[in-house]
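Undergrad: So that we are looking at the same thing, I have put the structure below in structure tokens.
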Amino acid sequence: MTILYHLFKILAHHWHWGIRFAILLFLLSQITAPRLRVMLENPPKTVQTTQPKVCMHTDLVHEPPESAIQMSLQLIREMGAPTIVEFFPWAYIERSPDVYDWHQPDLILKHAQNQGVRVIARMGFVPQWARPKDTSFNYIDEDGLTHFIEFLVDFATRYAGRIDHLIIWNEPNLAFEWGFLPTDPNRYVDMLKAVYEPLHRANPTITVLAGALAPTLEPEGSPNGLDDLLYLQGMYDAGAQNYFDALAIHTYGFITPPETPPDPRLLNFRRAELIREVMVANGDTDKPTFITESGWNDNPRWTQAVRPSQRIAYTLSAFRIAEGWDWADTLCLWIFRHPTPRNTHRDNFTLVTPFFQVKPIYYAIQAYARGFAMEGALWLNPPEE
Amino acid sequence: MAQSTRRIIIGAVVVGILAMILLPLLNPSEKTPAFPHGMLRIATDTSYPPYSRDVDGELIGVDIAVGRALGEALGLPVQFVPLGIDALYDALKNDRVDLIISALQPEDIMRSEVRYTLPYFDDGLVMVSNADMPITTWQQLENGAIAYEFGAYADEIVRAWSRRVLPFDKMPYELPEYALDAVRLGLAQSALLDMTTLGLYRQNYPDWAIHATYITHKPFTIAVRMDRENTFIATNDKLKELLDNGTIARILNEWMVYDDWD
């Protein structure tokens, strides 16, 4: 206390030194640790691939360091995947009304362009300020929709020419993804009708993707959701046809091989063909589709998972089947990597660990996409008693 | 110091002390019963045997048995709410359930919203060897062989070790059970795989004497909403009782061969 007292006494008598001292303190406070510099590729890279439909759903929005975004996209490029699907949560970007934080989307776009990777944006996730208290991030009402349209227009305008594909909402045929409200294709089509024209005005070359329906067999009236085939027909019945340019499809293999024939009572990879049949039956023959989520899981316990060896074999076969689907622009796998362990079976969908350890399935897809040969057996024969 | 200033300071101290005494009495969490619905509502993902499974409408498994044992210890009827894994935390946050019991590992990003009890099982990776030649550290693998499932988490660990330790043979198999066969038949010194797979495998070979050492940890805990402090305390206390009196070990041994390798 005595030292401080004397210091203030001196400064009071020599006020000009006090000002100098304050300026010095201010300048010192501006010194921070040097940031890790992330160097861009110069010239920018392009994806070398023989299989342009290969695509990855990513989780870059949750990557804290820029270097992790870059490293993920480098690995994706080197794997031979020219497209990613990335989630751009509204709640992360517009944290309060008309106050935007574009930092993370800008970083993602900067590095995607630098690696030559096309980005398809998935949109949704309602901020707290745009919905009633005690509702989930997937709840949207009339007021919320008005704000959502404004956000989408801002997003589409900002990234026009860099992001030209927008998926409107995710899996609206699940109650969980629809704010725990009863699922209703009419209300989802109302959303499409509301956003379609404003988005095309904001970016005339935009492709508005609808659907992204969850593969499910839930019957009419179920509190959990509605069968994706029924829901899609419901969308057409509600007049959706002129309000989307392409359909996003989610089709998972679960425990069946990809060759398993489609069946309306079965959830399997070729269910995508049934989705396509609904489109054709409703006159959308020329409208493209993008498979934006697919894949197999290799968790040792989950009943909907297969073994890691099966996962590799099934995934490669699925890509070969999709080669013959001229109506499908992409086959995107869920999911390339999570920034941190999820500690659930979700970790068993990834191709790369949070610590950037590359799993064998990555190399198998890379060999397929880049045309590399894979030699030698991957595992030993079972031991004999 | 002026007398008025002294009075203000003394008054502030008195108000502060009174606030410290009285505020906890006004804390709503202290007045809320641990289980306000008069039952134990438990969310569980029934696609995860041997922990939680729906067999023709009947819920079975370790987690179901743990939930029932907790209900009995608390003197409450139990209602299970089967949900997909994506909906578990939302159900807890929206007060559709009191607890999540679903082979659940703590997630750091959830810690601001939920509390996790102490673990009732560790499903981490274990290094398994024959009891007469125990392998307890990976350094002992020098010039030996380790078996594991190709592409699984154990594969990641073994590949990481192979870059930093003395030479050893890697023996990838298509299934983790083959890796255990390799150890049991003396083809490999050790196998690396999760504790549940080991426990299930040992049901077929109850006389096989092994040694197991945890290499990684994967604790299964129960999640409670952050603002339900009384619920958390009651659940955690009863779970500890069930662990201490051997109830949890008995439940685990109904579904696998379980030893506490810690």
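The values are calculated or read from the model by the stated rules, or taken from the named source; none is laboratory data. Values in this document were obtained by computation on a predicted structure and should not be read as measured data. Reconstructed Cβ throughout: ideal geometry from the backbone, glycine too, with neighbour counts over all protein chains shown.
Undergrad: Quick one: how many residues across the range A:306-320 are aliphatic (A, V, I, L, M), surrounded by fewer than 21 Cβ atoms within 10 Å (Cβ to Cβ) and within 11 Å of chain B (Cβ to nearest Cβ)?
TA: 1
Undergrad: If we keep just the residues of the range A:336-385 that are among the charged types (D, E, K, R) and more than 21 Å from the chain's Cα centre (by Cα), which is farthest from A:Glu86 (Cα to Cα)?
TA: A:Glu385
Undergrad: Pairs please, first residue from the range A:253-277 and at positive phi, second anywhere and among the aliphatic types (A, V, I, L, M), Cβ atoms under 8 Å, 6+ apart in sequence or on different chains.
TA: A:Phe254/A:Leu267
Undergrad: Could you grab me the full set of residues in the range A:358-385 that are in a loop (DSSP other than H, G, I, E, B) and either more than 10 Å from every other protein chain (Cβ to nearest Cβ) or loosely packed, with under 15 Cβ neighbours inside 10 Å (or both)?
TA: Of the residues in the range A:358-385, the ones in a loop (DSSP other than H, G, I, E, B) are A:359, A:371-379, A:381-385.
Answer for the range A:358-385, where residues must be in a loop (DSSP other than H, G, I, E, B) and either more than 10 Å from every other protein chain (Cβ to nearest Cβ) or loosely packed, with under 15 Cβ neighbours inside 10 Å (or both): A:Gly371, A:Phe372, A:Ala373, A:Met374, A:Glu375, A:Gly376, A:Ala377, A:Asn381, A:Pro382, A:Glu384, A:Glu385.
Undergrad: With the requirement that a residue be touching a strand residue (DSSP E or B) at 6+ places or on another chain (Cβ under 6 Å) and charged (D, E, K, R), what does the range A:258-286 give you?
TA: Scanning the range A:258-286 gives a single hit, A:Arg271.
Undergrad: Looking at (1) within 14 Å of another protein chain (Cβ to nearest Cβ); (2) out of contact with any Lys or Arg (no Cβ under 9 Å at 6 or more places or on another chain); (3) touching a residue at least 12 places away in the same chain (Cβ under 8 Å), which one does A:Ile335 not meet, given that it meets all the others?
TA: Among (1) within 14 Å of another protein chain (Cβ to nearest Cβ); (2) out of contact with any Lys or Arg (no Cβ under 9 Å at 6 or more places or on another chain); (3) touching a residue at least 12 places away in the same chain (Cβ under 8 Å), the lone unmet condition for A:Ile335 is (2).
Undergrad: Now for a different question. Being within 14 Å of chain B (Cβ to nearest Cβ), closer than 17 Å to A:Leu145 by Cβ and not charged (D, E, K, R): is that true of A:Leu192 here?
TA: No, not satisfied.
Undergrad: Residues that are in contact with a helix residue (DSSP H, G or I) (Cβ under 8 Å, 6 or more places away or on another chain) and aliphatic (A, V, I, L, M): find the strands (runs of 3 or more DSSP E) completely inside the range B:56-118 holding 1 or more of those. Please lay out each step first, then the result.
TA: Working: elements: B:58-60, B:78-82, B:99-104, B:114-116.
Counting at least 1 such residues, we get B:78-82, B:99-104, B:114-116.
Undergrad: Find the residue count for the range A:358-385, including only residues that are closer than 20 Å to B:Pro172 by Cβ and among the basic types (Lys, Arg).
TA: Here the count works out to 1.
Undergrad: A further question on this structure: Yes or no: the range A:210-226 includes at least one residue that is under 21 Å from A:Pro288 (Cβ atoms), modelled with pLDDT of 95 or more and of a type in the set (D, E, K, R). Break it down stepwise before answering.
TA: The first filter runs over the range A:210-226 and keeps only residues under 21 Å from A:Pro288 (Cβ atoms), leaving A:210-215.
Right, trim to modelled with pLDDT of 95 or more and you get A:210, A:212-215.
Still in the running and of a type in the set (D, E, K, R): none.
Scanning the range A:210-226 turns up no residue that is under 21 Å from A:Pro288 (Cβ atoms), modelled with pLDDT of 95 or more and of a type in the set (D, E, K, R).
Undergrad: Does the range A:350-357 contain any residue that is surrounded by fewer than 17 Cβ atoms within 10 Å (Cβ to Cβ), within 13 Å of chain B (Cβ to nearest Cβ) and closer than 16 Å to B:Pro172 by Cβ?
TA: Checked against the condition, which is being surrounded by fewer than 17 Cβ atoms within 10 Å (Cβ to Cβ), within 13 Å of chain B (Cβ to nearest Cβ) and closer than 16 Å to B:Pro172 by Cβ, the range A:350-357 yields at least one hit.
Undergrad: Looking at A:Glu323, A:Glu293, can you tell me which residue is closer than 22 Å to A:Gln366 by Cβ, within 23 Å of the chain's Cα centre (by Cα), crowded, with 20+ Cβ neighbours inside 10 Å and among the acidic types (Asp, Glu)?
TA: A:Glu293
Undergrad: Could you pull out every one of the strands (runs of 3 or more DSSP E) wholly within the range B:142-224 that has 2 or more residues that are without any contact (Cβ under 8 Å) to a residue 40 or more places away in the chain, out of contact with any His (no Cβ under 7 Å at 6 or more places or on another chain) and within 11 Å of chain A (Cβ to nearest Cβ)? Steps first, answer last, please.
TA: Details: elements: B:145-149, B:169-173, B:190-194, B:210-214.
Correct list: B:169-173.
Undergrad: Hey, another quick one. Among the candidates A:Glu63, A:Glu86, which residue alone is touching a Pro at 6+ places or on another chain (Cβ under 6 Å), buried (at least 16 other Cβ atoms within 10 Å of the Cβ) and charged (D, E, K, R)?
TA: A:Glu63
Undergrad: A follow-up question, please. Please specify each residue of the range A:225-254 satisfying the condition of being under 23 Å from the mean Cα position of the chain (by Cα) and assigned to a loop (DSSP other than H, G, I, E, B).
TA: Across the range A:225-254, the qualifying residues are A:Leu226, A:Asp227, A:Phe244, A:Asp245, A:Gly253, A:Phe254.
Undergrad: Examine the range B:243-250 for a residue that is within 14 Å of chain A (Cβ to nearest Cβ) and in a loop (DSSP other than H, G, I, E, B), and state whether such a residue exists.
TA: Scanning the range B:243-250 turns up no residue that is within 14 Å of chain A (Cβ to nearest Cβ) and in a loop (DSSP other than H, G, I, E, B).
Undergrad: Looking only at the range B:129-141, filter to residues that are buried (at least 16 other Cβ atoms within 10 Å of the Cβ) and touching a residue at least 60 places away in the same chain (Cβ under 8 Å); which one of those is farthest from B:Val66 (Cα to Cα)?
TA: Ranking the candidates gives B:Trp138 first.
Undergrad: Pull up the range B:73-116, narrow it to residues that are of a type in the set (Asp, Glu) and within 13 Å of another protein chain (Cβ to nearest Cβ), then point me to the one that is nearest to A:Leu181 (Cα to Cα). Walk me through it before giving the result.
TA: Within the range B:73-116, the first condition is being of a type in the set (Asp, Glu), and the residues that meet it are B:86, B:90, B:95, B:98, B:107-108, B:113.
After this cut, where a residue has to be within 13 Å of another protein chain (Cβ to nearest Cβ) as well, the list is B:86, B:90, B:95, B:107-108, B:113.
Working: B:Asp86: 16, B:Asp90: 13, B:Asp95: 16, B:Glu107: 27, B:Asp108: 29, B:Glu113: 23 Å.
Looking at residues that are of a type in the set (Asp, Glu) and within 13 Å of another protein chain (Cβ to nearest Cβ), I get B:Asp90.
Undergrad: Also, quick follow-up: Return the residues of the range A:143-194 that are of a type in the set (S, T, N, Q) and surrounded by fewer than 16 Cβ atoms within 10 Å (Cβ to Cβ); say none if nothing qualifies.
TA: Of the residues in the range A:143-194, the ones of a type in the set (S, T, N, Q) are A:146, A:157, A:170, A:173, A:183, A:186.
Residues satisfying the conditions are A:Thr146, A:Thr157, A:Asn186.
Undergrad: With the condition kept exactly as written, say whether any residue in the range B:56-72 is within 27 Å of A:Glu171 (Cα to Cα) and facing chain A (nearest Cβ under 9 Å).
TA: no
Undergrad: Any idea which of B:Val126, B:Val114 is surrounded by 18 or more Cβ atoms within 10 Å (Cβ to Cβ) and over 16 Å from B:His211 (Cβ atoms)? Steps first, please.
TA: Numbers: B:Val126 fails: over 16 Å from B:His211 (Cβ atoms).
From the options B:Val126, B:Val114, the qualifying one is B:Val114.
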